[in-house]
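*Asks:* Following this message is one structure expressed as structure tokens.
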Amino acid sequence: MTGVLLAAHAVRKAFGRTEALRGATLSIGDGEVVAVTGPSGSGKSTLLMCLAGVLRPEAGRVEYGGRRLDELSERDRTRLRRREFGLVLQFGQLVPELTAAQNVALPLLFERHERAAAMRSALAWLERLGADDVASARPGELSGGEAQRVAIARALVTGPRVIFADEPTGALDTVSGDRVLNALLTAARASYASVVLVTHDNRVAAHADREIVLRDGVVEPVASPAAATP
Amino acid sequence: MIRVGVTLTRAGGWPRMLLVGGCTAVVTGLLLVVVAILRLPAEPAERLFALVGEPGLRGGTTFATAMLCVPALLLLYQAVRLGTAARERRLAALRLAGATPGDVRALGAVEVALPASVGSVAGIGVYGLLRLVLGGELAEVRLVPTSVAPAWWQMLIVVVGVTGLGVAVGLLASRRVVVTPLGVTRREAPPPPRPWGALLLAVAAGGFATLRTGVPRQVAYAIVFAAIAVTVLGIVSLAPWIAYRSARYVLNRTASPTLTLAASRIVAEPRPVARAAAAVGGIALVAGGAGTTATPALQQTDDPFYLVSYLLVAAVLLVALVMVVGTLAVHAAESLLDRKRSIAALAALGTSVQEMERAQFAEIALAALPVAAAGALLGTIALGGLGFVTPLSAAVQLLTLALTLGLVWLAIELAVRATRPWVRRATSVENLRTA
């Protein structure tokens with residue numbers, strides 16, 4: 001692992017009376033792929049959302065590139081997410097009215113890129129992920145695997161430094177899931193992006209450089225899968 | 001069945017019930033005013049404003065009052081659709097519990113009938129209030145008769161009729177939905193809208209053209225009212241096509257992400273937003289017509305009748321526009337709840353709430369502003385064709401067009417601001433975890 005890019009220190013987050021995170025601490029290196037695993041309700045997704053700056057923790061610190069993410073305004077966190085982070089969710093969550101290519105181009109349009117250039121980048125990413133044949137299809141016409149490839153392209157099109165993936169293969173069959181995961185990790189590694197991968201599936205976690213187990217809102221570090229292999 | 005219906009109505013939430021009840025109350029109140037005006041003798045016992053008091057002008061006044069029901073009914077249509085997703089889940093659960101498709105349709109009707117019937121009865125109170133405010137001693141310009149009132153059986157017909165109308169609108173709003181025990185499916189989306197409304201406009205143009213052939217005065221009045229009604233229907237029917245074409249035009253050219261989002265929503269489903277914006281076309285049509293005729297009419301005479309009449313038209317249009325704000329706000333809220341998953345994902349990806357609001361504004365504006373412009377131009381052409389155009393009136397017409405579009409812009413702004421809590425709710429992280 002090179003230098004620490006993203007870190008959480010004693011992060012706490014509650015929803016009403018339910019404490020989702022009770023002092024989670026972890027760090028993620030530049031270009032590192034980290035899997036966050038744990039049982040249902042252990043706070044995996046909440047941790048991911050805190051690290052991505054979508055949620056603001058009630059206590060503790062989240063640092064990105066040496067900056068306090070939790071102290072940034074909503075506006076600054078939004079800008080940071082748009083420019084530096086990519087997000088892939090379990091169900092793709094694409095905009096249903098836009099074509100696949102338009103969905104991928106959307107983050108670039110928000111960054112004031114020229115329309116033609118944004119569409120060219122979108123098509124290039126779709127081609128790279130093997131989804132160029134569905135570029136003009138709408139999300140409703142895509143299979144689960146195709147929709148996830150489009151979502152990955154959307155997450156990568158801005159050249160993010162960190163990709164957050166919340167159960168990206170959770171709604172897919174094994175074969176489609178493997179393809180989507182390979183596409184995500186290959187593209188992320190080629191772009192030198194770090195990946196935070198939330199999953200409950202050990203097969204998925206095995207693809208990561210390092211695994212972090214979360215239980216009852218607290219991180220339990222374990223040995224890396226690579227290190228455990230003789 | 002009624003008990004289940006009551007439970008479902010309550011589960012639908014108070015905002016929906018209040019909106020449905022409020023709309024039917026307004027429609028009932030207005031129709032009772034119409035009945036009261038129609039019951040007036042040739043020589044009324046009281047001193048009413050000439051638009052109501054003079055038998056020759058009453059037809060137009062009752063027509064205009066009845067037309068004011070159109071924006072209220074469009075708001076009712078939107079209100080019925082409020083909370084659609086949650087209601088459909090409840091109905092699917094009932095199907096799973098053994099309810100037949102007929103039972104589900106009946107329950108859907110009961111859900112609307114209950115608040116609609118309460119609203120219709122409350123409409124008698126609205127009529128009483130209008131009578132007090134616009135017909136009593138306090139009123140400077142008396143518009144509602146107090147010497148006559150609708151008979152009890154006429155009230156009953158109006159109340160039952162408006163309740164039935166509410167139920168019919170409710171059934172119309174859910175006609176494309178098929179509820180099965182495993183959930184809700186929608187019948188195949190209809191093809192892009194076609195400009196069939198233009199046929200109605202052609203019919204109306206034909207009506208206006210016959211006025212040049214020297215028809216008797218009473219027939220001419222009937223033709224004018226019929227032609228105006230058909231023109232309003234025409235612009236309302238054309239609204240989806242206008243919205244679709246304007247969105248397609250923008251989608252093929254814009255690099256703005258908010259416009260891309262807004263236009264793509266309309267292209268995918270032009271009818272909901274166009275229905276919400278359709279009343280704007282009717283309002284602009286009347287505004288355009290009034291702007292065309294106002295200057296020559298006011299120049300010809302010092303009689304305050306004309307000035308008061310035009311001020312009344314302006315007041316009525318503003319009331320209608322307020323109802324349109326409600327319709328647009330309800331549409332916007334429902335649209336946000338429908339799309340909450342993709343909106344939450346966009347927020348997580350770095351789209352700000354302000355950008356979401358701009359997309360919401362653009363979606364309504366792309367439909368409403370062209371419809372308003374078309375309405376105002378049609379109103380101007382329809383009455384301008386009768387020979388009312390002078391250099392001064394042309395300037396007033398342009399001012400009317402600008403003012404109409406400005407007020408529509410303001411109406412959209414108010415509607416989007418009213419839905420700000422729904423935007424926040426739609427961007428919630430919770431929405432990311434649902435299928």
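The values are calculated or read from the model by the stated rules, or taken from the named source; none is laboratory data. Just so we're clear, the structure is a prediction, and the values are computed from it rather than from any experiment. Neighbour counts are summed over all protein chains in view; Cβ atoms, including those assigned to glycine, are modelled from backbone coordinates with ideal geometry. Side chains are part of the model used for accessible areas, which takes the heavy atoms of the whole protein and leaves out ligands, DNA and RNA. Shrake-Rupley method; radii C 1.70, N 1.55, O 1.52, S 1.80 Å.
*Asks:* What FRET efficiency comes out for the pair A:Ala116/B:Trp153, r = Cβ-Cβ distance, R0 = 41 Å, nearest 0.05? Could you put the intermediate results ahead of the total?
*Replies:* Numbers: r = 68 Å, r/R0 = 1.67.
Rounded to the nearest 0.05, the efficiency is 0.05.
*Asks:* Report, as an integer, the average count of C-beta atoms from other chains found within 10 Å of each Cβ along B:252-260.
*Replies:* Values: counts 1, 1, 2, 11, 4, 12, 2, 1, 10.
That average works out to 5.
*Asks:* Next up: Go through A:111-117, B:247-253, B:123-129 and give me the packing order, highest mean Cβ count within 10 Å leading. The partial results should precede the final answer.
*Replies:* On the way: A:111-117: 13.6, B:247-253: 16.6, B:123-129: 18.1.
Ranked from most to least packed, the peptides come out as B:123-129, B:247-253, A:111-117.
*Asks:* Of the accessible area of region A:101-202, with the probe set at 1.4 angstrom, what percent is carbon plus sulfur?
*Replies:* Numbers: 1900 of 4110 Å².
Ligands and nucleic acids excluded, carbon and sulfur give 46 percent.
*Asks:* Can I ask one more? Please list, ordered by chain and number, the residues whose modelled amide H lies under 5 Å from the amide H of A:Gly31; skip anything fewer than 5 residues away on the same chain.
*Replies:* A:Ser194
*Asks:* What are the DSSP H helices in chain B that stretch 24 Å or more along their long axis, judged by alpha-carbon atoms, and whose average Kyte-Doolittle hydropathy comes to at least 0.0? Don't jump to the answer; show the numbers that get you there.
*Replies:* Details: long enough: B:14-38 (35 Å, 2.04); B:101-135 (48 Å, 1.17); B:152-173 (31 Å, 1.95); B:217-251 (49 Å, 1.31); B:270-300 (44 Å, 0.57); B:304-338 (51 Å, 1.89); B:353-383 (44 Å, 1.10); B:391-418 (40 Å, 1.62).
Membrane-span-like by this rule: B:14-38, B:101-135, B:152-173, B:217-251, B:270-300, B:304-338, B:353-383, B:391-418.
*Asks:* Above 35 angstrom, tally the Cα pairs of the protein assembly as shown and express them as a % of all pairs, no decimals. Before the final figure, lay out the partial values.
*Replies:* On the way: 114363 of 220780 pairs.
Counting every Cα pair in the protein assembly as shown, those more than 35 Å apart make up 52 percent.
*Asks:* Something else about it: Which FRET efficiency value, to the nearest 0.05, is calculated for B:Leu377 and B:Leu312 with the Förster distance at 22 angstrom and r the Cβ-Cβ distance? Could the numbers behind the result be given before it?
*Replies:* Values: r = 23 Å, r/R0 = 1.07.
With a Förster radius of 22 Å, E is 0.40.
*Asks:* With every protein chain kept in the model, how would you rank A:Thr18, B:Thr351, B:Thr380 by accessible area, 1.4 Å probe, largest at the top?
*Replies:* My answer, sorted largest first, is A:Thr18, B:Thr380, B:Thr351.
*Asks:* Right, next: Any idea of the accessible area per residue across the protein assembly as shown, 1.4 Å probe, to the nearest Å²? Please report the intermediate quantities before stating the final value.
*Replies:* Numbers: 29640 Å² over 665 residues.
Computed with neighbouring chains in place, this is 45 Å² per residue.
*Asks:* Could you pull the accessible area for B:Val118 with a 1.4 Å probe, rounded to 10 Å²?
*Replies:* Its heavy atoms expose roughly 100 Å² to the probe.
*Asks:* Per residue of B:340-348, how many C-beta atoms from partner chains lie within 10 Å of its own C-beta, taken as a mean?
*Replies:* Values: counts 0, 7, 10, 2, 3, 11, 8, 3, 13.
Neighbouring Cβ atoms belonging to other protein chains average 6 per residue here.
*Asks:* Further question on the same structure: Once ligands and nucleic acids are excluded and a 1.4 Å probe is used, how much of B:Trp153 is accessible, expressed in Å² to the nearest 10?
*Replies:* About 130 Å², ignoring ligands and nucleic acids.
*Asks:* A:Arg83 versus A:His200, label points 7 Å from Cα toward the beta carbon: distance in nm?
*Replies:* 3.7
*Asks:* To the nearest whole number, what is the average tally of beta carbon atoms from other chains within 10 Å of the beta carbons of peptide A:75-81?
*Replies:* Rounded to a whole number, the mean comes out at 3.
*Asks:* Once every DSSP H run of n ≥ 4 in the protein assembly as shown is given -39500 (n - 2.57) and the sum is divided by its residues, what mean residue ellipticity at 222 nm do you get, rounded to the nearest 500 deg cm²/dmol?
*Replies:* Details: 25 runs with 419 residues, N = 665.
Mean residue ellipticity at 222 nm (helix-derived): -21000 deg cm²/dmol.
*Asks:* Please tell me the relative contact order of region B:37-131 in percent, rounded to the nearest whole number, where contacts are Cα pairs under 8 Å and at least six residues apart.
*Replies:* On the way: 22 pairs, mean separation 12.7, N = 95.
Once normalised by length, the contact order is 13 percent.
*Asks:* Among A:170-179, B:69-78, how do they line up by average Cβ neighbours within 10 Å per residue, starting with the highest?
*Replies:* Details: A:170-179: 15.6, B:69-78: 24.1.
Taking the mean over residues of other Cβ atoms within 10 Å, the ranking is B:69-78, A:170-179.
*Asks:* Let me ask something else about it. Remind me, relative contact order of chain B in percent, using alpha carbon pairs under 8 angstrom and six or more residues apart?
*Replies:* On the way: 635 pairs, mean separation 78.6, N = 435.
Reported relative contact order: 18 percent.
*Asks:* Further, regarding this structure: Roughly what would the spin-label model give for B:Arg217 and A:His9, points 7 Å off Cα along C-beta, in nm?
*Replies:* Each label point is offset 7 Å from its Cα along the Cβ direction, giving 9.1 nm.
*Asks:* May I ask for the accessible area buried between chains B and A, both sides summed, probe 1.4 Å, to the nearest 100 Å²?
*Replies:* Numbers: alone 21280 and 10950 Å², together 29640 Å².
Interface area, both chains combined: 2600 Å², rounded to the nearest 100.
*Asks:* At a Förster distance of 35 Å, what's the computed FRET efficiency of B:Val203 paired with B:Ala394, Cβ-Cβ distance as r, to 0.05?
*Replies:* On the way: r = 27 Å, r/R0 = 0.78.
That pair, B:Val203 with B:Ala394, gives E of 0.80.
*Asks:* Enter the accessible area of B:Val232 (Å², nearest 10), with the probe set to 1.4 Å and all protein chains included.
*Replies:* Solvent-accessible area, nearest 10 Å²: 10 Å².
*Asks:* Please check: in the Gaussian network model of chain B (C-alpha springs, under 10 Å), which one of B:Trp241, B:Trp409, B:Trp152 has the largest mean-square fluctuation.
*Replies:* Fluctuation is largest for B:Trp152.
*Asks:* Please work out whether chain B counts as rounded, prolate or oblate from its C-alpha gyration tensor, where a ≥ b ≥ c are the square roots of the eigenvalues and a/c under 1.5 means rounded, while otherwise a/b larger than b/c means prolate and anything else oblate?
*Replies:* Cα axes put chain B in the oblate bin.
*Asks:* Here's another thing I want to ask about it. With springs only between Cα atoms under 10 Å apart, run a GNM on chain B and tell me which of B:Ala411, B:Ala268, B:Ala276 wobbles the most.
*Replies:* B:Ala268
*Asks:* So which residues of region A:93-111 lose at least 50 Å² of accessible area, probe 1.4 Å, when you go from the chain by itself to every protein chain present?
*Replies:* A:Gln93, A:Glu97, A:Leu109, A:Phe110
*Asks:* Now, a different point. Carbon and sulfur atoms: what percent of the 1.4 Å accessible area of chain B do they account for?
*Replies:* Numbers: 13780 of 19960 Å².
Carbon with sulfur: 69 percent of the solvent-accessible area.
*Asks:* With springs only between Cα atoms under 10 Å, which of B:Leu19, B:Leu410, B:Leu68 fluctuates most in a Gaussian network model of chain B?
*Replies:* It is B:Leu410.
*Asks:* In terms of modelled amide H atoms, which long-range or inter-chain residues lie less than 5 Å from the amide H of B:Leu82?
*Replies:* Answer set, sorted by chain and number: none.
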